[in-house]
(Lines give C-alpha, C1' and ligand atoms only; values in the text may rest on other atoms or scores of the structure.)
Protein backbone atom coordinates (compact mmCIF):
# COMPACT_ATOMS: atom_id res chain seq x y z
CA UNK A 1 0.00 0.00 0.00
CA UNK A 2 1.19 3.52 -0.82
CA UNK A 3 0.08 6.84 0.70
CA UNK A 4 0.36 10.38 -0.63
CA UNK A 5 0.75 13.47 1.56
CA UNK A 6 -3.01 13.96 1.93
CA UNK A 7 -3.47 10.39 3.15
CA UNK A 8 -0.55 10.80 5.57
CA UNK A 9 -2.15 13.96 6.98
CA UNK A 10 -5.38 12.00 7.54
CA UNK A 11 -3.41 9.62 9.78
CA UNK A 12 -1.06 12.00 11.60
CA UNK A 13 -1.82 15.18 13.56
CA UNK A 14 1.52 16.76 12.55
CA UNK A 15 1.60 19.75 10.20
CA UNK A 16 4.27 22.01 8.75
CA UNK A 17 6.95 22.46 9.91
CA UNK A 18 6.79 19.25 11.99
CA UNK A 19 5.35 16.84 9.42
CA UNK A 20 8.52 15.04 8.37
CA UNK A 21 7.37 12.40 5.89
CA UNK A 22 6.17 13.16 2.36
CA UNK A 23 5.13 9.81 0.98
CA UNK A 24 4.71 6.18 1.98
CA UNK A 25 5.94 3.84 -0.74
CA UNK A 26 5.39 0.52 1.03
CA UNK A 27 3.27 -0.49 3.99
CA UNK A 28 2.30 -3.73 5.66
CA UNK A 29 0.06 -2.67 8.59
CA UNK A 30 1.51 -3.67 11.94
CA UNK A 31 4.70 -4.99 10.37
CA UNK A 32 6.70 -2.63 8.15
CA UNK A 33 6.65 0.76 6.47
CA UNK A 34 8.91 2.54 4.01
CA UNK A 35 8.48 6.31 3.81
CA UNK A 36 10.18 9.14 1.95
CA UNK A 37 11.26 12.56 3.20
CA UNK A 38 12.49 14.94 0.50
CA UNK A 39 15.00 17.23 2.17
CA UNK A 40 14.98 20.70 0.63
CA UNK A 41 16.99 23.82 1.29
CA UNK A 42 13.74 25.54 2.33
CA UNK A 43 13.42 23.48 5.54
CA UNK A 44 13.13 25.92 8.48
CA UNK A 45 15.84 24.19 10.53
CA UNK A 46 18.54 24.89 7.92
CA UNK A 47 18.46 28.61 8.79
CA UNK A 48 20.32 27.86 12.02
CA UNK A 49 21.71 24.34 11.54
CA UNK A 50 24.10 25.42 10.02
CA UNK A 51 23.98 28.54 7.81
CA UNK A 52 27.43 27.87 6.31
CA UNK A 53 26.87 24.10 5.92
CA UNK A 54 23.19 23.02 6.24
CA UNK A 55 22.74 19.64 7.96
CA UNK A 56 19.44 18.03 8.99
CA UNK A 57 19.42 17.58 12.79
CA UNK A 58 19.63 13.96 13.90
CA UNK A 59 16.73 14.39 16.30
CA UNK A 60 14.50 15.30 13.34
CA UNK A 61 15.59 12.17 11.49
CA UNK A 62 14.55 10.15 14.56
CA UNK A 63 11.25 12.08 14.66
CA UNK A 64 10.67 11.21 10.98
CA UNK A 65 11.20 7.54 11.87
CA UNK A 66 8.64 7.81 14.70
CA UNK A 67 6.12 9.50 12.38
CA UNK A 68 6.55 6.75 9.81
CA UNK A 69 5.95 4.18 12.55
CA UNK A 70 2.77 5.97 13.64
CA UNK A 71 1.40 5.93 10.09
CA UNK A 72 1.37 2.16 9.83
CA UNK A 73 1.09 0.86 13.37
CA UNK A 74 -2.67 1.30 13.69
CA UNK A 75 -3.76 1.14 10.07
CA UNK A 76 -6.20 -1.67 10.84
CA UNK A 77 -7.45 -0.24 14.16
CA UNK A 78 -10.11 2.48 13.84
CA UNK A 79 -10.20 3.10 17.62
CA UNK A 80 -6.47 3.79 17.99
CA UNK A 81 -5.44 6.28 15.34
CA UNK A 82 -2.69 8.87 15.97
CA UNK A 83 -4.69 11.48 14.01
CA UNK A 84 -7.58 11.10 16.45
CA UNK A 85 -7.91 14.00 18.85
CA UNK A 86 -8.49 11.52 21.70
CA UNK A 87 -5.22 9.64 21.23
CA UNK A 88 -1.66 10.90 21.62
CA UNK A 89 1.27 8.97 20.20
CA UNK A 90 4.46 9.90 22.06
CA UNK A 91 8.07 9.07 21.31
CA UNK A 92 9.25 7.79 24.72
CA UNK A 93 12.52 6.01 24.01
CA UNK A 94 15.44 5.96 21.62
CA UNK A 95 18.12 3.30 21.97
CA UNK A 96 21.27 2.69 19.99
CA UNK A 97 20.90 5.78 17.82
CA UNK A 98 23.73 6.13 15.33
CA UNK A 99 24.23 8.89 12.79
CA UNK A 100 26.62 7.78 10.08
CA UNK A 101 26.51 10.55 7.46
CA UNK A 102 25.10 14.08 7.36
CA UNK A 103 21.78 14.63 5.58
CA UNK A 104 21.87 17.78 3.46
CA UNK A 105 19.54 19.70 1.13
CA UNK A 106 18.78 17.70 -2.00
CA UNK A 107 18.92 14.34 -0.23
CA UNK A 108 15.96 11.99 -0.23
CA UNK A 109 15.60 10.09 3.03
CA UNK A 110 14.25 6.58 2.69
CA UNK A 111 12.88 5.68 6.12
CA UNK A 112 12.45 1.98 6.85
CA UNK A 113 10.68 0.94 10.04
CA UNK A 114 10.04 -2.63 11.20
CA UNK A 115 7.72 -3.35 14.11
CA UNK A 116 9.25 -5.40 16.89
CA UNK A 117 6.26 -5.17 19.25
CA UNK A 118 2.93 -3.38 18.96
CA UNK A 119 0.36 -3.29 21.72
CA UNK A 120 -2.46 -0.92 22.67
CA UNK A 121 -0.20 1.08 24.98
CA UNK A 122 3.41 0.63 23.85
CA UNK A 123 5.19 -0.03 20.56
CA UNK A 124 8.81 -0.84 19.76
CA UNK A 125 10.48 -0.52 16.35
CA UNK A 126 13.77 -0.95 14.54
CA UNK A 127 14.26 1.99 12.22
CA UNK A 128 16.83 3.22 9.76
CA UNK A 129 17.18 6.07 7.31
CA UNK A 130 19.05 5.78 4.03
CA UNK A 131 20.23 8.20 1.36
CA UNK A 132 21.21 6.71 -2.00
CA UNK A 133 21.17 3.22 -0.49
CA UNK A 134 23.57 4.10 2.34
CA UNK A 135 22.45 4.05 5.97
CA UNK A 136 22.70 7.57 7.41
CA UNK A 137 20.93 6.90 10.72
CA UNK A 138 19.47 4.03 12.69
CA UNK A 139 17.82 3.53 16.07
CA UNK A 140 15.48 1.41 18.13
CA UNK A 141 12.52 3.58 19.03
CA UNK A 142 9.71 3.16 21.50
CA UNK A 143 6.38 4.97 21.37
CA UNK A 144 3.52 5.13 23.85
CA UNK A 145 -0.19 5.49 23.08
CA UNK A 146 -2.12 7.58 25.57
CA UNK A 147 -5.75 8.64 25.76
CA UNK A 148 -6.03 12.40 26.07
CA UNK A 149 -8.31 13.40 28.91
CA UNK A 150 -10.75 16.13 27.93
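The values are calculated or read from the model by the stated rules, or taken from the named source; none is laboratory data. In this text, all values refer to a predicted model and were calculated from it rather than measured experimentally. For neighbour counting, all protein chains shown are included, and Cβ atoms are generated from backbone atoms with ideal geometry for every residue, glycine included.
For segment 131-143, which positions are over 14 Å from the mean Cα position of the chain (by Cα) and surrounded by fewer than 18 Cβ atoms within 10 Å (Cβ to Cβ)? Step through it out loud before you land on a result.
Taking segment 131-143 and keeping what is over 14 Å from the mean Cα position of the chain (by Cα), we get 131-136.
Those that are over 14 Å from the mean Cα position of the chain (by Cα) and surrounded by fewer than 18 Cβ atoms within 10 Å (Cβ to Cβ): 132, 133, 134, 135.
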query: If you check 88, 115, which single one turns out to be at pLDDT 95 or above, assigned to a strand (DSSP E or B) and in contact with a strand residue (DSSP E or B) (Cβ under 9 Å, 6 or more places away or on another chain)?
result: 115
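Confirm whether residue 36 is within 13 Å of the chain's Cα centre (by Cα), surrounded by fewer than 18 Cβ atoms within 10 Å (Cβ to Cβ), modelled with pLDDT of 95 or more and not in a loop (DSSP other than H, G, I, E, B). Quick ask: steps written out before the conclusion?
Working: within 13 Å of the chain's Cα centre (by Cα): yes; surrounded by fewer than 18 Cβ atoms within 10 Å (Cβ to Cβ): yes; modelled with pLDDT of 95 or more: yes; not in a loop (DSSP other than H, G, I, E, B): yes.
Considered against the rule, which asks whether it is within 13 Å of the chain's Cα centre (by Cα), surrounded by fewer than 18 Cβ atoms within 10 Å (Cβ to Cβ), modelled with pLDDT of 95 or more and not in a loop (DSSP other than H, G, I, E, B), residue 36 comes out as yes.
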task: Only residues that are in a loop (DSSP other than H, G, I, E, B), touching a strand residue (DSSP E or B) at 6+ places or on another chain (Cβ under 7 Å) and either surrounded by fewer than 13 Cβ atoms within 10 Å (Cβ to Cβ) or free of Cβ contacts under 8 Å to residues at least 24 places away in the same chain (or both): list them for segment 1-30, please.
output: 1, 2, 4, 22
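Pick out the one residue from 100, 128 that is closer than 16 Å to residue 67 by Cα and touching a strand residue (DSSP E or B) at 6+ places or on another chain (Cβ under 6 Å). Walk me through it before giving the result.
Working: 100 fails: closer than 16 Å to residue 67 by Cα.
Among 100, 128, only 128 is closer than 16 Å to residue 67 by Cα and touching a strand residue (DSSP E or B) at 6+ places or on another chain (Cβ under 6 Å).
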message: Any residue that is at pLDDT below 95 and surrounded by fewer than 22 Cβ atoms within 10 Å (Cβ to Cβ) - is there at least one of those in segment 68-76?
response: yes
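Filter segment 104-130 for residues that are under 15 Å from the mean Cα position of the chain (by Cα) and closer than 21 Å to residue 42 by Cα; which is surrounded by the fewest Cβ atoms within 10 Å (Cβ to Cβ)?
Here is the first cut: in segment 104-130, the ones under 15 Å from the mean Cα position of the chain (by Cα) are 108-115, 123-130.
Cutting the leftovers down to closer than 21 Å to residue 42 by Cα gives us 108-111, 129-130.
Numbers: 108: 14, 109: 24, 110: 18, 111: 25, 129: 29, 130: 19.
Among them, the one singled out is 108.
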